[in-house]
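For reference, the structure is listed below as structure tokens.
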Amino acid sequence: MSDKLNRTHKVIKNDTLSGMAKKYGHKDWKTIWNAPENKSIVSKRKKPELIQPGDIFIIPPNERELKDVEQRIVYLNNIRNKDAAAYKELLEYVKTLEAKIAGLETSIDDEKSSTAEFLKTQKDNLDELTNFAGNIDLAAAIANMAASSAMAAKKGYDLAKGSASVLKTTGIISLKVAKSQILTWDNAAKIVNSLDEEEPDSVIGVIAESWLKMTSPSFWANTYVLMKDGKSWSEASTAKVGDDIKKIMKDHLAASQQKVAKLEAQLKAAKNDLASTQQLIAIAKERLLQQEKELKDLV
């Protein structure tokens, strides 16, 4: 048991060891007389009745005090173990929060950069579509876009909404070439695949009724119109080239900004959580230090 639990008693006139024992809760004066800390004064006085005023005796803790101390030690150990476990969990939680924050920051940066790249690509495509409004080969342009962009169907439709003079520059295109150029677009592919190469008059729906229709604007107009929820050619031809891409860009930017705002809100919450957790860690650490100090004093 720690020496810090001991007390000192300075003998005054008429003091006796029995009286000292009673004062400090000991049943027997010998507990004080035989305490190792009092070896020097015991050797000097030889007998309890010979103690003199001014003598200093060390008073060890009594039985009740020792029992209280033992219970306190058990209590402190239990509390310390719980606090130490909580402290460890808080440290692990900090690691989790730091990883979450890093992930959110990366996600925000990735979203912003990918959106910027997407918008740049679409702007380039929009500029390209604007150039297509001149005398450019429609079929070749559609094929190039199909190979380069996931938004080819929308861009192809925008292109098909151009004037009849642009569409007439298509020239005579074989059915096989047409199939290979628009095979990736489900509705258009179904339409083209339904045409019989051996029997050019065998066609369905609003598509051309003869092989010669393949060379006309109406064939391509109907093909793209059917790809775009059945809009009529008259509706399509009055629209401005590039409107769909502009809408895509606007919608994508709005969705991206909404996603970034959500991620930034999560990031702010995670940082606040981290700050609060770090405060709890500081408190828990201080508690552990106090408990260690008290245990050291008691043991």
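The values are calculated or read from the model by the stated rules, or taken from the named source; none is laboratory data. If you're wondering where the values come from, they're calculated on a predicted model, not measured in any experiment. Ideal geometry is used to build each Cβ from the backbone, glycine not excepted, and the neighbour counts take in all protein chains shown.
Since Ser43 meets every condition but one in (1) more than 30 Å from Leu288 (Cβ to Cβ); (2) among the polar types (S, T, N, Q); (3) in contact (Cβ under 8 Å) with a residue 40 or more places away in the chain, which condition does it not meet?
Here Ser43 clears every test but (3).
For Gln278, are the conditions met, namely being part of a helix (DSSP H, G or I) and either on the phi > 0 side of the Ramachandran plot or free of Cβ contacts under 8 Å to residues at least 40 places away in the same chain (or both)?
The answer is no for Gln278.
Between residues in segment 233-254 that are at pLDDT 50 or above and residues that are of a type outside the set (Asp, Glu) and not in a helix (DSSP H, G or I), which pairs lie under 6 Å by C-beta distance while being six or more apart or on different chains?
Val241/Ala133; Val241/Gly162
Conditions (1) part of a helix (DSSP H, G or I); (2) over 18 Å from Glu292 (Cβ atoms), marked per residue:
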| site | (1), (2) |
| --- | --- |
| His9 | no, yes |
| Ile12 | no, yes |
| Ala21 | yes, yes |
| Gly25 | no, yes |
| Lys67 | yes, yes |
| Ala84 | yes, no |
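Here is a list of conditions, (1) over 30 Å from Ser256 (Cβ atoms); (2) of a type outside the set (Lys, Arg); (3) surrounded by 11 or more Cβ atoms within 10 Å (Cβ to Cβ); (4) out of contact with any Gly (no Cβ under 6 Å at 6 or more places or on another chain), and Asn62 meets all of them except one; can you say which number that is?
(4) is the only condition that Asn62 fails.
Scan segment 271-298 for residues that are surrounded by 11 or more Cβ atoms within 10 Å (Cβ to Cβ) and within 25 Å of Pro61 (Cβ to Cβ) and report the count.
Residues flagged as surrounded by 11 or more Cβ atoms within 10 Å (Cβ to Cβ) and within 25 Å of Pro61 (Cβ to Cβ) within segment 271-298 amount to 7.
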